[in-house]
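Visitor: Quick one: the structure is below, questions incoming.
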Amino acid sequence: MPRLILINLFFLISLLAIFKAPTYHLWLLAVLVTEFPLIFVGATAVLTVWGIWVPKYQLAGAIIGVAAILLFLSPIIRACAVASSLKSELTTAFGKDNNDNAQPFSLVKLFAGNTVIAYKTVTYVTYRNTALTLDFYPAQIPGKRPCVIVIHGGSWSTGDSKQVPGLNSHLAKLGYNVAAINYRLSPENHNPAAVDDTQAALNYLHEHADELKIDTNNFVLLGRSAGAQIALLAAYTLHNKGIKGVIDFYGPADMVWGYSAPASRWVMDSRAVMENYLGGTYKQVPYNYAASSPIGFVNRQSVPTLIIHGYNDVLVAYEHSRRLNEKLQQNGIKHYWLKLPWATHGFDYNLNGPGGQLSTYAVDGFLKAVTQ
């Protein structure tokens, strides 16, 4: 009986591989289920095999166990399907094959680890009441190299430059300088403070370009979640000729629409989050909601854009990316939208998971396309 209870529990957990998480803590579990699937497959398989030798409830346990294993495997199966066309779609979007002989997805890589390179932390701007730092990962290829500015997530109120360091090291090894920045947080600071901080980071990197071996004609902004909103807004409004592209990991692109369609309060009070960041409700400060919506600033001069979003995202609606994709299409901007049907918010926590591999491949190809 305890085994059958455990099998049923794992089956319920496996549903997070195909359905959206209904609560905050189940969302965290969904990240593990979809991006570390083999752990759950292994545990369920052990329980299922054990049950074959237990006569009572043998058939029921076996059926439930096999169903759970198939659901846990579904992100891998679906990743293979996305990978089959990803290379050609990126080539079509940006005009050339930029990933050489690399494969978008590998089963072997699910077992791989990540190596982290050394970085240094420097202060890039000092204000009256605070100083902001960035973590600089030097390119591991000699000469002046492009620079990726990474802007962290955290609902504009938490988080820091230490988030998801694996991609920073990966890009540095490929020959990109990476500057992961901290910015002023809400509710003490409101939009456009974080965009101003991004400009300050660009100024610092320009001023120290010789020392840091940065090609100042080749900057790309990369943001996750709230950081993606900042990255998009900065890329579309700063009009810096050195910014060659922007990478949007599941970011809110339409703040006006987003306020009208909040996330489930069981997951996050998204309206309160936006009110803290923008200084009030939509009725109180409608101009700031419009002024903080990247989608409103897309025009025919906007920089190339890579959008990455999981369909099962319960913190930032998939609709944000659909709207941004449509606006980019209307303005003829080179762009690509990597759609991950099984993935949830923060899927790239594991660089070697199904979503992590595909998004890293897309980022690599995009960077080559816009910085060469």
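The values are calculated or read from the model by the stated rules, or taken from the named source; none is laboratory data. Bear in mind that the values here come from a model prediction, so they are computed numbers and not experimental data. Ideal geometry is used to build each Cβ from the backbone, glycine not excepted, and the neighbour counts take in all protein chains shown.
Visitor: Which ones in segment 333-352 are over 13 Å from the mean Cα position of the chain (by Cα) and either at pLDDT below 95 or over 18 Å from Ile243 (Cα atoms) (or both)? Quick ask: steps written out before the conclusion?
Guide: Kept after step one, since they are over 13 Å from the mean Cα position of the chain (by Cα), are these residues of segment 333-352: 333-336, 341-342, 352.
Within segment 333-352, Pro341, Trp342, Asn352 qualify.
Visitor: Condition first: surrounded by 24 or more Cβ atoms within 10 Å (Cβ to Cβ) and either at negative phi or not assigned by TED's automatic domain parsing to the domain that holds Arg300 (or both). Now tell me which residues in segment 246-257 satisfy that.
Guide: Correct list: Val246, Ile247, Asp248, Phe249, Gly251, Pro252, Ala253, Asp254, Met255.
Visitor: Going by the conditions given, is Ala180 in contact (Cβ under 8 Å) with a residue 40 or more places away in the chain, buried (at least 16 other Cβ atoms within 10 Å of the Cβ) and assigned to a strand (DSSP E or B)?
Guide: yes
Visitor: Continuing with the same structure: Considering each residue of segment 329-359, count those that are out of contact with any Pro (no Cβ under 9 Å at 6 or more places or on another chain), under 26 Å from Asn217 (Cα atoms) and surrounded by fewer than 21 Cβ atoms within 10 Å (Cβ to Cβ), and give that number.
Guide: Matching residues across segment 329-359 total 4.
Visitor: Going by what's in this entry, would Ala235 be described as within 19 Å of the chain's Cα centre (by Cα), in the same structural domain as Thr198 (by TED's automatic domain parsing), under 15 Å from Gln199 (Cβ atoms) and surrounded by 24 or more Cβ atoms within 10 Å (Cβ to Cβ)? Spell out how you get there, then give the answer.
Guide: Details: within 19 Å of the chain's Cα centre (by Cα): yes; in the same structural domain as Thr198 (by TED's automatic domain parsing): yes; under 15 Å from Gln199 (Cβ atoms): yes; surrounded by 24 or more Cβ atoms within 10 Å (Cβ to Cβ): yes.
Here the answer is yes, as Ala235 does meet what is asked.
Visitor: Just to check your reading of the model, which residue among Phe10, Phe94, Phe111 is assigned by TED's automatic domain parsing to the domain that holds Tyr318, among the aromatic types (Phe, Trp, Tyr), touching a helix residue (DSSP H, G or I) at 6+ places or on another chain (Cβ under 7 Å) and at pLDDT below 95?
Guide: Selected residue: Phe94, the only one of Phe10, Phe94, Phe111 that is assigned by TED's automatic domain parsing to the domain that holds Tyr318, among the aromatic types (Phe, Trp, Tyr), touching a helix residue (DSSP H, G or I) at 6+ places or on another chain (Cβ under 7 Å) and at pLDDT below 95.
Visitor: Then there is this: Looking at (1) out of contact with any helix residue (DSSP H, G or I) (no Cβ under 8 Å at 6 or more places or on another chain); (2) surrounded by fewer than 22 Cβ atoms within 10 Å (Cβ to Cβ), which one does Ala228 not meet, given that it meets all the others?
Guide: Ala228 satisfies all of (1) out of contact with any helix residue (DSSP H, G or I) (no Cβ under 8 Å at 6 or more places or on another chain); (2) surrounded by fewer than 22 Cβ atoms within 10 Å (Cβ to Cβ) except (2).
Visitor: Could you tell me whether any residue of segment 314-330 is assigned to a helix (DSSP H, G or I), of a type in the set (A, V, I, L, M) and in the same structural domain as Tyr236 (by TED's automatic domain parsing)?
Guide: yes
Visitor: Give me the helices (runs of 4 or more DSSP H) completely within segment 195-293, filtered to those with at least 3 residues that are more than 25 Å from Ile307 (Cβ to Cβ), ordered by residue number.
Guide: Ranges flagged: 209-212, 270-278.
Visitor: Hey, does segment 147-159 have a residue that's touching a residue at least 60 places away in the same chain (Cβ under 8 Å), buried (at least 18 other Cβ atoms within 10 Å of the Cβ), in the same structural domain as Glu275 (by TED's automatic domain parsing) and part of a helix (DSSP H, G or I)?
Guide: no
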